[in-house]
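These notes are about the structure you will find just below.
The values are calculated or read from the model by the stated rules, or taken from the named source; none is laboratory data. The shown structure was predicted, so the numbers you read here are calculated from the model rather than taken from an experiment. Glycine also receives a Cβ, built like all others from the backbone with ideal geometry; neighbour counts cover every protein chain displayed. SASA here: full protein model, heavy atoms, side chains in, ligands and nucleic acids out. Shrake-Rupley method; radii C 1.70, N 1.55, O 1.52, S 1.80 Å.
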Amino acid sequence: NPQKTFEYRVMPYGEEHLLLIARDVTRVSQLEEMRKDFVANVSHELRTPLTVITGYLELLPRDEQDSFATKAMDEMFSQTARMQNLIEDLLILSRIEASAERIFEKQVDMYAMLQQIEAEAKTLNKDKNHKIRFEMDPELKVFGVETELRSACSNLIFNAIHYTPAPGKIVVKWEEDERGARFSVKDNGDGIEERHLARLTERFYRVDKARSRKTGGSGLGLSIVKHVLNHHNSHLEIESKLNKGSVFSFHLNQQLIAERSSA
Ligand code: ADP
């Protein structure tokens, strides 16, 4: 029945038989679709009023003599910016969840893309002053969805900047190893306790709620990374030690590596 969605499990049954169990998950997947649509629509609808609020906030004259008004306006600016970030991340997440884009159709020049992220990272790093080193194989290109891979890589790099006390050391690598193409970000920052690792990529999951709020993230970054990697048949690998630092990495398997131009 094409209208129905089933989940299948095969189990051994006695010595010679297999048991096939089909579970009707039509209702569950319909609800899941409704949830996705709802989140996407709400996020989209919230965009316009927020743009209007931000626009007026920018136009309001500032009276530096009035310390209350100045403080209130600064707070409104930063909170609307936070909301805008959150909505953009929700939209990115919905788009990736719904993405039917084929990953084998287009080549991504990761070197060029990472150079652009490097420039953005420099701006973000202005008041942190971390030592950030990029070690990249310029010839290593892959098949994939560029916008998605860009979100994943920049989230991991920006997190390293946020969650490392200044001045720290961050190393970003893009290289080939025996498992395929590997992207990694190593920092010597906050680190994460083992017990949090399994839940880290859940939506809005944060290790330290108060501190994360201060850094201004949406709590969706690693969830976006997870979905992007899932779409590219990969997964996030995390090694971390509390107060020592972390390595966030992923592999794109050999089949996704495009032929080198120099070969
Ligand atoms: P956000 O950064 O917006 O809070 P993320 O999904 O990107 O959301 O990250 C989830 C949580 O994982 C963060 O709140 C933080 O506690 C932890 N985290 C992410 N990256 C790092 C890192 N490089 N070092 C230490 N903790 C991290």
*Counting only protein heavy atoms, what percent of the accessible surface of the chain is carbon or sulfur at a 1.4 Å probe?*
53 percent
_Between 0 and 90 degrees, rounded to the nearest ten: what's the tilt of helix 26-59 against the longest Cα principal axis of the chain?_
20 degrees
*For the range 1-101, evaluate the Debye formula with one uniform point scatterer on each Cα (no solvent term) and list log10 I(q)/I(0) at q = 0.21, 0.24 Å⁻¹, rounded to two decimals.*
-1.06, -1.19
*Over the chain, average the accessible area per residue using a 1.4 Å probe and give it in Å², no decimals.*
64 Å²
*Nearest 10 degrees, 0 to 90: helix 110-124 Cα axis against the chain principal axis*: 30 degrees
_Convex hull projection area averaged over all views, the range 61-210, Cα basis, nm²_ = 12.2 nm²
*asked:* Among the listed pairs LYS36/LYS106; LYS141/LYS173; LYS173/LYS241; LYS4/LYS36; LYS141/LYS226; LYS126/LYS186, which have their C-alpha atoms separated by more than 24 angstrom in this model?
replied: LYS36/LYS106
*asked:* How large is the direction-averaged shadow of the alpha-carbon convex hull of the range 1-55, in nm²?
replied: 5.9 nm²
*Starting from the residue with the highest accessible area, list LEU46, LEU114 in decreasing order, probe 1.4 Å.*
LEU46, LEU114
*Which percent of Cα pairs goes in each bin when the distances of the chain are cut into 10 angstrom slices starting at zero?*
6, 23, 29, 24, 13, 4, 1, 0, 0
_Sites MET34 and VAL10, calculated FRET efficiency, Cβ-Cβ separation with R0 35 Å, nearest 0.05_ = 0.70
*Report the relative contact order of the chain, percent, no decimals, based on alpha-carbon pairs under 8 angstrom and at least 6 residues apart.*
17 percent
*In bins 10 Å wide, starting from 0, what share of all Cα pairs of the range 46-150 does each bin hold, as a percent?*
11, 25, 30, 22, 10, 2
_Rotationally averaged projected area of the range 143-263 (alpha carbon convex hull; nm²)_ = 8.1 nm²
*Treating the angle as unsigned and between 0 and 90°, give the value, to the nearest 10°, between the Cα long axis of helix 221-231 and the longest Cα principal axis of the chain.*
30 degrees
